[in-house]
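A.B. asks: Handing you this structure, nothing more for now.
The values are calculated or read from the model by the stated rules, or taken from the named source; none is laboratory data. If you're wondering where the values come from, they're calculated on a predicted model, not measured in any experiment. Methodologically, a virtual Cβ is constructed for each residue, glycine included, from the backbone with ideal geometry; neighbour enumeration extends over all protein chains shown. Note: areas computed on protein heavy atoms with side chains; ligands, DNA, RNA excluded. Shrake-Rupley method; radii C 1.70, N 1.55, O 1.52, S 1.80 Å.
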Amino acid sequence: MNSSNNDEGQPFNYNDASVWLSSPADLRPPLTGEVRADVVIIGGGYTGLNAALALREAGVNVVLLEMGFCGSGASGRNSGHLAPSMGKDLPSLVRHVGKARAAEFMRFNDRSVRNAEETFKKYGIDCDYEPAGNITCGVHDRHRAPLLKTAELAESLGVEVSFLNASEMRERRLPEAFSFGVLDKRGGHLNPGKYVLGLRRAALDAGVQIYENTAVTHIDEAASPVQVTADGGVVRADKVIVASNGYTPATLGRLKSKIFPIRVTLFRTAPLAPEQFAALGWPGREGLITAHSAIEHYRLTADGRILGGSKYVQYRYGSRLATGKQPAVFKKFEKLLKHRFPELPDLQIQDFWGGWIGMTPDFLPMSFSNRRGNLSYGMGYNGHGVAHATSNGRMLADQVLGRPNQDVELFKRRMLPLPPEPLRWLAVNGMKKYFERADQVVDADLRLD
């Protein structure tokens, strides 16, 4: 934990990792020497651990390599929203893939939420899950038409959502800055650290060989068996699963034309006092996501805090991992919080942290294998990883086992590749600025700029 100051000279508490977890007491030793396995998995987050569990259930000998400790990446850093969401937004998805395929994606989203909920139960993971649903909210009248269109499209695709007008939002006693919205009752929110560490414990109990603090330096997929080299040793395996998400271009030097890491900042307040809860309302504890192009998201935590983030994101040249300590961004969030929750004039942010999410050019996840069939990739969740990564782990296991899987077929597609640098930097930041401009009109009108 380290700090910098806000305008009043008070320190920002910044955690370079995550407030959700710390290094496990039973940290697994790094890889040394040579190890043989049926399958080696690179990445110990939701994707890799769910894949490992599914493979162990089929009797497969699995080795998992994690460069930190399991969960120290995006799976242990995120905001914990479990939502049946896909792509940038539903209207954009329909324009991109058509209504028929969009409906299939919506059904995948629903299965993904259910898969996550079933995973909690199956492995006895207490992750503070609250099935409170999520509301995509309008904070300005410019958001009304897009949200009405989203609700109409969702209904036409068979998705059960409902548009909440201002009076219905007030009946729910939601914070007044959130004027109207689209309610999706499926899903809710959870403690992401408890979820990923629960998966880690289940994987160890199932006999997965986990090596932590083991950074992979090379994958030789032309070798038979495949050879995965790390700093301290080598794993030879029949097949490899790469589940390193947004870290993949920076740490493995792979898929630079298909995925890029975006740094997202998150924060949480101090625990609210009873009188603050009374002033705030929000008894249903729904997750709140704004209808901005660069979204804001808010929710209540199990220990009584407001958690929020996103909106101000960074991409670093060369798909390297952008730094997280951003005092200017922290100040913006302090100002933003006061506008969103004027009911609580003394509300203070206690902690900042964040992480890197894996973005794809078409905002859709990836789950595919190479032509040899000995190397599979699962990543690119575009901020929807709690649900999608859980499902993708099982999808990857099916690819390795040669089992049919309707969702793997669903995600097969031609992707418009990202250009090499410096054009990639220009393209990513150009897209970022395009989305920010639309939001700046709204924020200027609300006097947030």
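A.B. asks: Filter the stretch 249-276 down to residues that are among the charged types (D, E, K, R) and touching a helix residue (DSSP H, G or I) at 6+ places or on another chain (Cβ under 8 Å) and give me whichever is most open to solvent (accessible area, probe 1.4 Å).
C.D. replies: 256
A.B. asks: Something else: What residue, among those in the stretch 422-433 that are without any contact (Cβ under 8 Å) to a residue 24 or more places away in the chain and not aliphatic (A, V, I, L, M), is farthest from residue 342 (Cα to Cα)?
C.D. replies: Among those that are without any contact (Cβ under 8 Å) to a residue 24 or more places away in the chain and not aliphatic (A, V, I, L, M), it is 430.
A.B. asks: Do the conditions hold for residue 373, that is, is it out of contact with any strand residue (DSSP E or B) (no Cβ under 6 Å at 6 or more places or on another chain), farther than 19 Å from residue 57 by Cα and open to solvent by less than 40 Å² (accessible area, probe 1.4 Å)?
C.D. replies: So residue 373 fits the description; yes.
A.B. asks: Take the conditions more than 20 Å from the chain's Cα centre (by Cα) and part of a loop (DSSP other than H, G, I, E, B) and apply them to residue 304. Does it pass?
C.D. replies: yes
A.B. asks: Looking at residue 401 and the list (1) more than 25 Å from residue 72 (Cα to Cα); (2) within 21 Å of the chain's Cα centre (by Cα); (3) of a type in the set (A, V, I, L, M), which single condition is not satisfied?
C.D. replies: Of (1) more than 25 Å from residue 72 (Cα to Cα); (2) within 21 Å of the chain's Cα centre (by Cα); (3) of a type in the set (A, V, I, L, M), only one is false for residue 401: (2).
A.B. asks: Looking only at the stretch 158-180, how many residues end up being at positive phi and within 26 Å of the chain's Cα centre (by Cα)?
C.D. replies: Matching residues across the stretch 158-180 total 1.
A.B. asks: Any chance you could count how many residues in the stretch 235-248 are open to solvent by less than 30 Å² (accessible area, probe 1.4 Å) and over 26 Å from the mean Cα position of the chain (by Cα)?
C.D. replies: The number of residues fulfilling the criteria is 2.
A.B. asks: Considering only residues that are surrounded by fewer than 20 Cβ atoms within 10 Å (Cβ to Cβ) and of a type outside the set (Lys, Arg), which ones fall in the stretch 297-325?
C.D. replies: 302, 303, 304, 312, 314, 317, 318, 321, 322, 323
A.B. asks: I need the full set of residues from the stretch 43-65 which are closer than 17 Å to residue 252 by Cα and over 18 Å from the mean Cα position of the chain (by Cα), in order please.
C.D. replies: 64, 65
A.B. asks: Please enumerate the residues belonging to the stretch 342-370 that are open to solvent by less than 10 Å² (accessible area, probe 1.4 Å) and of a type in the set (Ser, Thr, Tyr).
C.D. replies: 360, 367
A.B. asks: Continuing with this model, one more query. Given (1) farther than 30 Å from residue 157 by Cβ; (2) more than 23 Å from the chain's Cα centre (by Cα); (3) open to solvent by 30 Å² or more (accessible area, probe 1.4 Å), identify the lone condition not met by residue 13.
C.D. replies: (2)
A.B. asks: Would you be able to say whether some residue in the stretch 388-406 is at pLDDT 95 or above, over 23 Å from residue 40 (Cβ atoms), open to solvent by 20 Å² or more (accessible area, probe 1.4 Å) and touching a Ser or Thr at 6+ places or on another chain (Cβ under 8 Å)?
C.D. replies: No: zero hits.
A.B. asks: May I ask you to verify whether residue 378 is under 28 Å from residue 104 (Cα atoms), touching a Ser or Thr at 6+ places or on another chain (Cβ under 7 Å) and among the small types (Gly, Ala, Ser)?
C.D. replies: Yes.
A.B. asks: Does any residue in the stretch 326-341 that is farther than 16 Å from residue 299 by Cα and open to solvent by less than 70 Å² (accessible area, probe 1.4 Å) come within less than 6 Å, Cβ to Cβ, of a residue that is of a type in the set (Ser, Thr, Tyr) and not in a helix (DSSP H, G or I) six or more places away or on a different chain, and which pairs are these?
C.D. replies: Hits for this filter: 327/4; 329/265; 329/312.
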